[in-house]
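Chemist: Sharing a structure, written as structure tokens. Questions coming.
The values are calculated or read from the model by the stated rules, or taken from the named source; none is laboratory data. Every value quoted in this text rests on a predicted model; they were computed, and no experiment measured them. In this analysis, Cβ positions are derived from the backbone assuming ideal geometry, glycine residues included, and neighbour counts consider all displayed protein chains. Note: areas computed on protein heavy atoms with side chains; ligands, DNA, RNA excluded. Shrake-Rupley method; radii C 1.70, N 1.55, O 1.52, S 1.80 Å.
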Amino acid sequence: MAAFISRALTEEACAVDVAPDGRAGLELARAYDYDAIVLDLMLPYVDGLSLCKQLRAAGKKTPVLVVSARDMVADRVCGLDAGADDYLTKPFAIEELLARLRALGRRQDGAPAVLRVGDLQLDPATRTARRAARAIALTSREYALLEYLMRRSGTIVTRTMIAEHVWDCTFDYGSNVVDVYVKHLRDKIDQPGTPTFIQAVRGAGYVLRDPHAADAES
């Protein structure tokens, strides 16, 4: 089941870490700032309910989607009372799991269903991007990077923050792959001779903002 969900999420341009048991999952959840956690209740060493309670007690607010074969009302109540944000019973369609994760993401950051910055827009449901009337063809990784930047538009994000959300925990932090992918995105989004949406902030990282709005303000 973990391999199936991981493969489906990877195909949806998500960076995925898989924990083999509750103890490892708790360590990962404490160490990294995940956008969401898919949590099975029947885990070795530390069960899912205990894991969720410990995360909430530690102040972690990461959205948690529980997946479980326990389908009684009392089971769902226990999961939600333990701190889970949603509860999905097995068996389930992977499309529903993906839709619930998208909904948790919107609920977490208050983002609309379609992300817009100036005339740049991205639809997470269809994984399509447009600049005005022009469609933008993106690879899975480019899409993931653009979605991360657009959800945090106007906010400076470091290369480490980008790597942790767009790549998995095996990412080589000594590489320049983040800068390479940012250049790929700029080449696809920006028109020749026009200001760029993705701006480098010296010594800090990158920020995505509407360059035309910045010009108007100045």
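Chemist: Could you list, in sequence order, all residues of the range 72-101 that are open to solvent by less than 70 Å² (accessible area, probe 1.4 Å), out of contact with any helix residue (DSSP H, G or I) (no Cβ under 9 Å at 6 or more places or on another chain) and among the charged types (D, E, K, R)?
Modeler: ASP75, LYS90, ARG100
Chemist: Restricting attention to the range 103-112, which residues are under 22 Å from TYR206 (Cα atoms), open to solvent by 50 Å² or more (accessible area, probe 1.4 Å) and assigned to a loop (DSSP other than H, G, I, E, B)?
Modeler: Result: GLY110, single match.
Chemist: Those residues that are surrounded by fewer than 17 Cβ atoms within 10 Å (Cβ to Cβ) and in contact with a Gly (Cβ under 8 Å, 6 or more places away or on another chain), I need them from the range 48-69; list them, please.
Modeler: Answer for the range 48-69, where residues must be surrounded by fewer than 17 Cβ atoms within 10 Å (Cβ to Cβ) and in contact with a Gly (Cβ under 8 Å, 6 or more places away or on another chain): SER50, LYS53, ARG56.
Chemist: Would you confirm whether or not the range 34-41 contains a residue that is open to solvent by 40 Å² or more (accessible area, probe 1.4 Å), part of a loop (DSSP other than H, G, I, E, B) and acidic (Asp, Glu)?
Modeler: Checking the range 34-41: at least one residue is open to solvent by 40 Å² or more (accessible area, probe 1.4 Å), part of a loop (DSSP other than H, G, I, E, B) and acidic (Asp, Glu).
Chemist: Which ones in the range 76-95 are assigned to a loop (DSSP other than H, G, I, E, B) and either in contact with a Cys (Cβ under 9 Å, 6 or more places away or on another chain) or closer than 13 Å to ILE37 by Cα (or both)?
Modeler: Residues satisfying the conditions are ALA82, GLY83, ALA84, ASP85.
Chemist: If I ask for residues that are without any contact (Cβ under 8 Å) to a residue 40 or more places away in the chain, part of a helix (DSSP H, G or I) and open to solvent by 70 Å² or more (accessible area, probe 1.4 Å), which ones from the range 166-185 would you list? Step through it out loud before you land on a result.
Modeler: Here is the first cut: in the range 166-185, the residues without any contact (Cβ under 8 Å) to a residue 40 or more places away in the chain are 170-180, 182-183.
From the residues that got through so far, the ones that are part of a helix (DSSP H, G or I) too are 177-180, 182-183.
Across the range 166-185, the qualifying residue is only LYS183.
Chemist: Suppose we filter ARG131, ARG127 for residues that are over 24 Å from ALA57 (Cα atoms), basic (Lys, Arg) and open to solvent by less than 60 Å² (accessible area, probe 1.4 Å); which single one remains?
Modeler: So the residue among ARG131, ARG127 that is over 24 Å from ALA57 (Cα atoms), basic (Lys, Arg) and open to solvent by less than 60 Å² (accessible area, probe 1.4 Å) is ARG131.
Chemist: Can you pull out every residue in the range 17-33 that is in a helix (DSSP H, G or I) and crowded, with 17+ Cβ neighbours inside 10 Å?
Modeler: Matches in the range 17-33: GLY22, GLY25, LEU26, ALA29.
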